[in-house]
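Notes follow the structure.
The values are calculated or read from the model by the stated rules, or taken from the named source; none is laboratory data. All values reported here derive from a predicted model rather than from experimental measurement. Cβ placement follows ideal geometry from the backbone for every residue including glycine, while neighbour counts extend to all protein chains displayed. Calculation scope for accessible area: heavy atoms of the full protein, side chains included, ligands and nucleic acids excluded. Shrake-Rupley method; radii C 1.70, N 1.55, O 1.52, S 1.80 Å.
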Amino acid sequence: MQDHQAGDRLALITGAARGIGAGIARHLAALGHPVLLTDTLPEVEATAAALRAAGHDARALFLDVADDAAVAALPAAVGPAWDRLGIVVNNAGISPKGPDGKRRPVAEMPAAEWRRVLEVNLTGAFLVSQVALPALKARRWGRIVMITSQAARAKSQIAGAAYAAAKTGLMGFARSLATECGPHGITVNSIAPGRIDTPMAQVAGAGVNEAFLAQVPMGRVGKPADVAAVVGFLASDAASYLTGTTIDVGGGSFMP
Ligand code: NDP
């Protein structure tokens, strides 16, 4: 169902060139939101162009979420449309693996890998949320959604330790931000996807994904649209009393 105010609520999605982020951008655009797709990959232009060709209001910007200066310059780069910002989806993330497609054990993980994963997956969400707050507070309405992971909900089976640490930190950050932002009409929630069919998941290889599938009650790998549907709900007025929570979108692979 389209929200009648959707057209006045710009949605910013990080890591939106492909995978889950592109799926979220497609869904929010279909709900009537103007969408701002950001990514470090040049393909983000084509993803936004495809949305425009389908009649949606979509724009692309290159943005490394871990680049303090670039994030600080975002309102100026977007221009007057920034005042319409209503929804922020912190989706950009990395999950580095070794040459065999498997996570590096802690004993072999270079400190540079640890730092970069925290910078992108955790600090990036902090920077983007922080730069968005003045616009959201000014309109006294906002939705911030963190894309965390089941690696933050239970034993991490596929991703490395840095990834699990960053995604767990992201949930803690979301709870703190939700507490601060509630009085301003802004909700902050997390989504913890299970195995979703994207380029990131494909790096692990078919064997790893099939073994994981064996313990998914719904009997299939997830699609970006499965995550996007929940973002659409969290971004709606119907979800105005939901904040500081985490929704597992994993076909039942993790049940608290
Ligand atoms: P993809 O790798 O397919 O897409 C992620 C996108 O984010 C890529 O385009 C990537 O570009 C971009 N990106 C990476 N680093 C940055 C950065 N510093 N600034 C901006 N954009 C960046 O991953 P998914 O779609 O699978 O994952 C999306 C989110 O969902 C991630 O946060 C991931 O951790 C999470 N997730 C995914 C699951 C899955 O099974 N797929 C399961 C649980 C959580 P580039 O190629 O240049 O790195």
Open item on the list: Can you go through VAL249, VAL230, VAL221, VAL188 and tell me which one is closer than 23 Å to ILE94 by Cβ, away from the ligand (no atom under 13 Å from the Cβ) and surrounded by 18 or more Cβ atoms within 10 Å (Cβ to Cβ)?
Closed with: VAL188
Task: Cβ pairs under 6 Å, 6+ apart, first in region 184-203 and closer than 30 Å to PRO134 by Cα and hydroxyl-bearing (Ser, Thr, Tyr), second open to solvent by 10 Å² or more (accessible area, probe 1.4 Å) and not in a strand (DSSP E or B) - done: THR187/THR243; SER190/MET171
- [ ] Output the qualifying pairs, or none if there are none: Cβ atoms under 6 angstrom, residues six or more apart or on different chains, first residue in region 146-168 and touching a residue at least 12 places away in the same chain (Cβ under 8 Å), second residue in a strand (DSSP E or B) and crowded, with 22+ Cβ neighbours inside 10 Å.
- [x] MET146/ASN90; MET146/SER190; ILE147/ILE191; THR148/SER190; THR148/ALA192; SER149/ALA192; GLN150/ALA192; ARG153/ALA192
Open item on the list: If VAL131 meets every condition in (1) at pLDDT below 95; (2) more than 13 Å from the ligand (Cβ to nearest atom); (3) assigned to a helix (DSSP H, G or I) apart from one, which number is that one?
Closed with: (1)
Task: Residue list for region 18-53, restricted to those being within 21 Å of ASP226 (Cα to Cα), more than 12 Å from the ligand (Cβ to nearest atom) and open to solvent by 20 Å² or more (accessible area, probe 1.4 Å) - done: ARG26, HIS27, ALA30, LEU31, GLY32, ALA50
Open item on the list: What pairs come out if I take residues in region 54-73 that are open to solvent by 20 Å² or more (accessible area, probe 1.4 Å) and pair them with residues that are part of a loop (DSSP other than H, G, I, E, B) whose C-beta lies under 7 Å away, six or more apart or interchain?
Closed with: ASP57/PRO34; PHE62/THR40; ASP64/THR40; ALA70/LEU63; ALA70/ASP64
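I need a count of the residues in region 134-157 that are within 14 Å of the ligand (Cβ to nearest atom) and either open to solvent by less than 30 Å² (accessible area, probe 1.4 Å) or within 17 Å of the chain's Cα centre (by Cα) (or both).
Applying the first criterion (within 14 Å of the ligand (Cβ to nearest atom)) to region 134-157 yields 145-154, 156-157.
Now drop any that are not either open to solvent by less than 30 Å² (accessible area, probe 1.4 Å) or within 17 Å of the chain's Cα centre (by Cα) (or both), which leaves 145-153, 156.
So the count comes out to 10.
Suppose we filter ARG140, ARG195 for residues that are under 19 Å from ARG9 (Cα atoms) and not hydrophobic (A, V, I, L, M, F, W, C); which single one remains?
Values: ARG195 fails: under 19 Å from ARG9 (Cα atoms).
Of the residues listed, the single one that is under 19 Å from ARG9 (Cα atoms) and not hydrophobic (A, V, I, L, M, F, W, C) is ARG140.
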Task: Unique residue being under 18 Å from ARG18 (Cβ atoms), of a type outside the set (A, V, I, L, M), open to solvent by 40 Å² or more (accessible area, probe 1.4 Å) and out of contact with any helix residue (DSSP H, G or I) (no Cβ under 6 Å at 6 or more places or on another chain) when the list is GLN202, GLN215 - done: GLN202
- [ ] Being within 15 Å of the ligand (Cβ to nearest atom) and of a type outside the set (A, V, I, L, M) is the filter here, so list the residues in region 1-17 that pass it.
- [x] THR14, GLY15
